[in-house]
Amino acid sequence: MAGLHYILFFILYSIGQPYKVGLLLNSEEQDGSNAIKSLAQYTISKLNKSNTKLQLVERYHDSTYLNVMNNVCELIDENVVAIISGSDSTLTAIQVNMANQFHVPLVAAVATNPFLEPVSKENFELRLSPSDVFQSQAIFDLLKEYNWYQFSILASADDYGINSIVHLQYLASQDDNFSIRDVQHFDVRKDLSDSENSSFFEKELQLIKDSIAKVIVLNCDGKFAKIIFREAERKGLMDESFVWITTDAITSKPETMAYDDLSYPSFYQGLIGTLPHYGKGSKQYKDLADGYIMTGGKSSDLHMSSVKVSMGLEIVHFSLKELDEGEWDNSPSVSCKTPSYWVGGEELFSKMDENFQNGAYDNSGVVIPTYDILNFQEKGFEKIGKWENSSGLVNLGKDETILRWVDRKDVLFSGNKYSPPSGIGNTLTGYHLRIGIVPEPPIAYFDEKCGNNSSPDCWYGWNPDIIKKLQEDLNFTYEYVQPADNKYGGFNKVTKEWNGMIRDILDRKTDLTIALSINTERSKYIDYTASFYEDQAAFIVHTKTSKSSSNMFFFLEPFELSVWISIIGLILVIALLTTFFSKFSPFGKYGRTIHAMQSCACAECVLRREIKVAKKCRFVDTKTYSCLVEKVEEDDEMNELSYYNSTWLIGTGFVLQGTDTLPTAPSGRFLLFMWWLFIMILTSMYTANLTAHLTLDRSTATITKLDDLLNQGDYKWGLINDRNLQTMMSDHEDETYNKIVSSGVGLESLDEGITRVKKGDFVFIDDSSVLTFNFRGDCQAALTKTGKFNNQWALGTQVNSPYSAVINSMFLQYRERGWFTTKFDEWYNSADENIQTCSSSVGSDAKFGIPILGGLFLILGVGAVIAFVTVFLEILYVSHLDSIEKGQSIWQCLWKRIVYKYREVTEEWFDRSHKRVEGHDSNGFDRNHKEEVISNTSI
């Protein structure tokens with residue numbers, strides 16, 4: 001007997017204690033479950049070669065929650081040490097809740113719902129697949145790499161379809177560059193049995209098409225994807241301009257998209273997908289695949305779900321082996337019928353989690369959230385790269401020199417293209433737009449001879465030209481929709497209702513509007529395209545006029561005070577320069593005489609000069625007269641252009657008079673010529689402006705700014721109801737503008753405002769461009785721009801309109817080319833033969849100031865500079881003549897003239913005679929003799 005016990009003990013020791021491991025599979029996914037079961041059994045047989053044995057306990061459930069719970073209870077009653085689930089996230093969540101109550105670890109092989117993350121240590125769930133949060137990040141990085149900033153989402157209306165895109169939507173909302181054009185969910189309970197003859201996704205795909213997004217993220221099971229792609233291809237959503245990005249539910253089971261003959265249609269080529277990395281390509285995966293196939297297994301069984309289940313079995317086995325080396329509670333004797341839990345379950349889960357996180361069992365790098373990036377090419381999905389949580393997109397292309405993913409040439413896109421599409425719809429081909437319009441010249445005219453106000457042929461004007469230009473460039477069809485009240489759109493604060501074109505936008509009667517002013521209140525309800533014009537508020541009034549001036553000094557009004565002061569200053573300066581050039585130039589009378597006396601050796605000349613210096617008198621005083629009458633009658637011709645005389649010469653020139661004394665030097669003559677030119681132009685401007693001031697109609701209106709309206713009683717005023725300007729002024733923080741609106745007249749139309757202004761005593765407030773155009777040719781209308789309430793004009797659209805992006809793209813091109821400006825000028829500023837021109841032959845009566853006359857003053861200054869240059873050229877020229885006459889070098893002669901000129905300035909101009917030396921002067925004459933002559937000279 002003892003020998004028998006020994007033999008049994010030896011057998012049990014050699015065989016090892018078998019641990020039961022539960023395997024939960026979905027009976028509704030027969031093909032996938034069979035592959036998982038087959039690979040799991042192979043893995044068990046391989047692992048059981050060690051002393052630690054595993055026994056697989058299989059259970060199959062349908063999609064009902066009760067059936068799932070019953071299967072979990074059956075496994076717990078079987079005393080399994082762990083449960084491995086190949087179910088999706090929804091069913092796995094139920095399984096986790098059941099298993100946790102008994103502390104039985106559950107391995108979720110493929111569940112990716114982000115809400116399944118363990119919230120505490122009491123959650124005995126080990127997830128082998130990364131959360132959909134990481135898949136969303138991988139897709140987002142891919143979108144950003146290719147600059148696909150606009151995209152739509154099509155997803156199944158179940159936990160997987162909804163939860164797996166939540167984080168992608170969040171990421172896009174945090175980046176201002178991104179815009180999700182549309183999100184569509186479809187019912188997963190659809191009966192797909194007659195998919196060949198039915199259209200299951202017509203509504204969802206049409207809305208995706210209307211979003212104009214060219215990039216579509218598809219998140220659903222492969223069986224739906226097969227039908228979606230077929231219907232999308234029929235609707236033209238899979239041509240070379242589109243990009244489809246699929247998620248792991250499709251890429252993990254590509255066979256579900258295959259047709260009956262296991263082939264794939266050509267329009268699949270170019271699909272891009274993400275798939276959680278499960279070790280494919282690693283040594284571990286290769287050993288598993290080689291061993292499995294050698295035992296008769298099919299390579300098609302080696303997909304993500306089956307490999308993940310096999311991985312789960314390896315983790316459980318590896319952890320049990322480590323625990324068996326010590327003491328632990330290895331008997332899970334619990335039951336769903338009793339409220340108890342397995343103490344050893346916590347030890348086992350901790351060991352499993354530790355081994356998974358540190359990769360102790362060689363998990364081939366699946367611990368770090370990693371996704372394979374797949375591309376559907378000729379043979380199906382092929383791995384072209386990967387995304388890692390730590391490093392983002394990693395290029396696994398053939399050309400390793402390419403640093404940026406977007407520069408790769410080995411990625412296939414729809415239409416069999418290897419260049420990435422822009423991802424932006426650049427046309428509206430196949431779209432029909434309804435455009436709201438209001439007749440208001442020149443923004444829009446309606447041809448009264450045309451009976452159809454919806455026909456584009458019946459409308460013309462500035463905005464219809466813009467719409468027509470868009471239609472030509474974007475290739476859409478359109479019709480106009482005129483609101484019943486012919487208003488742009490205003491908000492009634494009592495009824496809380498909008499009217500006009502905005503009402504039609506909100507009721508989805510229209511897709512776009514013509515030009516609308518952008519304001520905050522409207523922006524709460526509608527969106528706008530990019531702006532194409534900016535305007536400001538203005539007001540216009542018919543003024544009372546008079547042809548006479550009440551200013552007794554009217555003759556001073558043509559010029560501003562600064563101009564008159566400048567003219568007086570210029571007379572003094574030019575007179576000074578005229579005197580200077582007369583004395584300094586060797587061709588002036590004064591300059592010639594002084595130089596002759598300085599350079600003459602004649603005693604009489606020198607004596608005359610000395611007498612003049614000593615007595616500080618003019619040269620006429622140096623003469624000797626027998627009678628005082630002779631002295632009085634003698635003219636001092638040298639000083640004809642003294643500063644006193646020059647001032648008279650220059651001053652009389654300003655009033656078109658003159659004197660007999662004129663400069664003889666070229667420099668002086670040139671300066672005088674420039675002064676006369678200055679006078680001629682200035683007096684012409686003065687005469688014209690004075691005439692205009694006396695003859696033009698002059699406004700007697702005292703309103704120069706909006707605030708003046710509240711402080712006068714001569715004029716009434718008004719704004720058009722429900723226009724942007726009325727809203728802006730009503731809501732302004734300055735109560736002055738609130739009062740202007742409340743105290744003014746509410747006009748119902750532009751025509752009413754124009755009529756009341758022309759009747760007189762009425763101020764009409766509206767946009768500057770509107771008033772300028774509609775009152776052109778009205779010579780009595782005085783328009784004043786306020787410089788306030790600037791607003792931009794744009795096309796109004798529905799909220800999140802898919803058309804905004806493509807229209808904005810075209811508007812940017814139009815603005816860069818100057819098309820908007822050209823078109824605006826064509827309608828607003830072009831001449832109209834039927835409109836009279838308000839002009840006067842005498843010009844304007846506005847005062848001239850320094851900014852206007854600055855150029856004229858500048859010319860005079862340049863003339864003075866040229867005169868200075870001329871006088872130096874004169875000195876250089878006479879030095880040249882001296883050198884010829886005296887046989888000396890030109891530089892010697894120039895130096896001598898400079899010395900003479902210095903002496904002239906110091907002694908003649910400023911009478912500095914005290915600097916003369918005693919004895920003989922520089923010419924060698926005896927000073928005593930001179931003094932004797934001087935003393936005997938009578939004056």
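The values are calculated or read from the model by the stated rules, or taken from the named source; none is laboratory data. Note that this is a predicted model, so its numbers are computed, not measured. Heads up, the Cβs are rebuilt from the backbone with ideal geometry, glycines too, and the neighbour counts pull from every protein chain shown. All accessible areas refer to the heavy atoms of the entire protein, side chains included, with ligands and DNA or RNA removed. Shrake-Rupley method; radii C 1.70, N 1.55, O 1.52, S 1.80 Å.
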Query raised in the report: So which residues in the range 809-820 are modelled with pLDDT of 90 or more and either polar (S, T, N, Q) or surrounded by 14 or more Cβ atoms within 10 Å (Cβ to Cβ) (or both), if there are any at all?
Result: Met810, Phe811, Gln813, Tyr814, Arg815, Trp819, Phe820
Query raised in the report: Of (1) touching a residue at least 60 places away in the same chain (Cβ under 8 Å); (2) of a type in the set (Phe, Trp, Tyr); (3) under 23 Å from Val411 (Cβ atoms), Phe229 satisfies all except one. Which?
Result: (1)
Query raised in the report: Restricting attention to the range 58-84, which residues are of a type in the set (A, V, I, L, M) and either surrounded by fewer than 16 Cβ atoms within 10 Å (Cβ to Cβ) or assigned to a helix (DSSP H, G or I) (or both)?
Result: Leu66, Val68, Met69, Val72, Leu75, Ile76
Report summary line: Checked Glu382, Glu400 against criteria (at pLDDT 90 or above, open to solvent by 40 Å² or more (accessible area, probe 1.4 Å) and either outside any strand (DSSP E or B) or under 17 Å from Gly273 (Cα atoms) (or both)); the one match is Glu382
Report task. Out of the residues in the range 465-483 that are open to solvent by 40 Å² or more (accessible area, probe 1.4 Å) and in contact with a His (Cβ under 9 Å, 6 or more places away or on another chain), state the one that is nearest to Gly430 (Cα to Cα). Result -> Thr477
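For every residue, the table says whether it meets (1) within 30 Å of Ser310 (Cβ to Cβ); (2) open to solvent by less than 70 Å² (accessible area, probe 1.4 Å); (3) of a type in the set (S, T, N, Q); (4) over 31 Å from the mean Cα position of the chain (by Cα).
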| position | (1), (2), (3), (4) |
| --- | --- |
| Ile368 | yes, no, no, yes |
| Phe376 | yes, yes, no, yes |
| Arg404 | no, no, no, no |
| Thr427 | no, yes, yes, no |
| Gly436 | no, yes, no, no |
| Ser455 | no, yes, yes, yes |
Report summary line: Within the range 750-794, residues open to solvent by 30 Å² or more (accessible area, probe 1.4 Å) and assigned to a helix (DSSP H, G or I) come out as Asp751, Glu752, Thr755, Arg756, Lys758, Lys759, Thr772, Asn774
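Among the residues of the range 709-729, count how many are hydroxyl-bearing (Ser, Thr, Tyr) and either free of Cβ contacts under 8 Å to residues at least 24 places away in the same chain or over 12 Å from Asp761 (Cβ atoms) (or both). Before the answer, list the steps.
As a first pass, look at the range 709-729 and keep what is hydroxyl-bearing (Ser, Thr, Tyr): 715, 727.
Retained after the next criterion (residues that are either free of Cβ contacts under 8 Å to residues at least 24 places away in the same chain or over 12 Å from Asp761 (Cβ atoms) (or both)): 727.
Adding up the residues that qualify gives 1.
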Requested in this report: From (1) surrounded by 16 or more Cβ atoms within 10 Å (Cβ to Cβ); (2) under 55 Å from the mean Cα position of the chain (by Cα); (3) over 17 Å from Leu106 (Cα atoms), pick out the condition that doesn't hold for Lys46.
Outcome: (2)
Report task. Inspect all residues belonging to the range 484-506 and state whether any of them is part of a strand (DSSP E or B), without any contact (Cβ under 8 Å) to a residue 60 or more places away in the chain and open to solvent by less than 50 Å² (accessible area, probe 1.4 Å). Result -> yes
Query - Output for the range 279-318, where each listed residue is over 58 Å from the mean Cα position of the chain (by Cα), of a type in the set (S, T, N, Q) and part of a helix (DSSP H, G or I) - result: none
Requested in this report: Could you check Trp462 against (1) open to solvent by 10 Å² or more (accessible area, probe 1.4 Å); (2) at pLDDT 90 or above and say which number it fails?
Outcome: (1)
Query raised in the report: For the range 269-278, how many residues meet the condition of being part of a loop (DSSP other than H, G, I, E, B) and closer than 22 Å to Phe151 by Cβ?
Result: 3
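Hey, can you tell me all the residues within the range 261-287 that are in contact with a strand residue (DSSP E or B) (Cβ under 9 Å, 6 or more places away or on another chain) and not hydroxyl-bearing (Ser, Thr, Tyr)?
The answer is Gln269, Gly270, Leu271, Ile272, Gly273, Leu275, Pro276, His277, Lys280, Gly281.
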Report summary line: Note: among Tyr264, Tyr285, Tyr259, just one is without any contact (Cβ under 8 Å) to a residue 60 or more places away in the chain and open to solvent by 20 Å² or more (accessible area, probe 1.4 Å), namely Tyr259
Query raised in the report: If you check every pair at least six apart or on different chains, which have Cβ atoms under 7 Å apart with a residue in the range 101-112 that is farther than 12 Å from Met304 by Cβ first and a residue that is crowded, with 24+ Cβ neighbours inside 10 Å and of a type in the set (Lys, Arg) second?
Result: none
Query raised in the report: Among all residue pairs at least 6 apart or on different chains, which show Cβ distances below 8 Å where the first residue, located in the range 22-42, is of a type in the set (Lys, Arg) and the second is surrounded by fewer than 19 Cβ atoms within 10 Å (Cβ to Cβ) and not in a helix (DSSP H, G or I)?
Result: Lys37/Glu58
Query raised in the report: Can you tell me which residue in the range 705-732 is least open to solvent (accessible area, probe 1.4 Å), limited to those that are among the small types (Gly, Ala, Ser) and out of contact with any strand residue (DSSP E or B) (no Cβ under 6 Å at 6 or more places or on another chain)?
Result: Ser730
Query raised in the report: Would you call Val316 in contact (Cβ under 8 Å) with a residue 24 or more places away in the chain and more than 15 Å from Asn51 (Cα to Cα)?
Result: no
Requested in this report: Looking for whichever is of a type in the set (Val, Ile, Thr) and in a helix (DSSP H, G or I) here; the options are Thr92, Thr112. Which one fits?
Outcome: Thr92
Query raised in the report: Can we say Ser300 is out of contact with any strand residue (DSSP E or B) (no Cβ under 6 Å at 6 or more places or on another chain), at pLDDT below 90 and open to solvent by 50 Å² or more (accessible area, probe 1.4 Å)?
Result: yes
Query raised in the report: When Phe140 is evaluated against the numbered criteria (1) open to solvent by less than 20 Å² (accessible area, probe 1.4 Å); (2) farther than 30 Å from Arg408 by Cα; (3) part of a helix (DSSP H, G or I); (4) free of Cβ contacts under 8 Å to residues at least 60 places away in the same chain, which criterion, by number, is the only one it fails?
Result: (2)
**Report entry** Number of the exception - Ala213 against (1) in contact with a Leu (Cβ under 9 Å, 6 or more places away or on another chain); (2) within 24 Å of Tyr418 (Cα to Cα); (3) surrounded by 24 or more Cβ atoms within 10 Å (Cβ to Cβ)
**Finding:** (1)
Query raised in the report: Does Asn100 qualify as being under 56 Å from the mean Cα position of the chain (by Cα) and within 20 Å of Lys337 (Cβ to Cβ)?
Result: yes
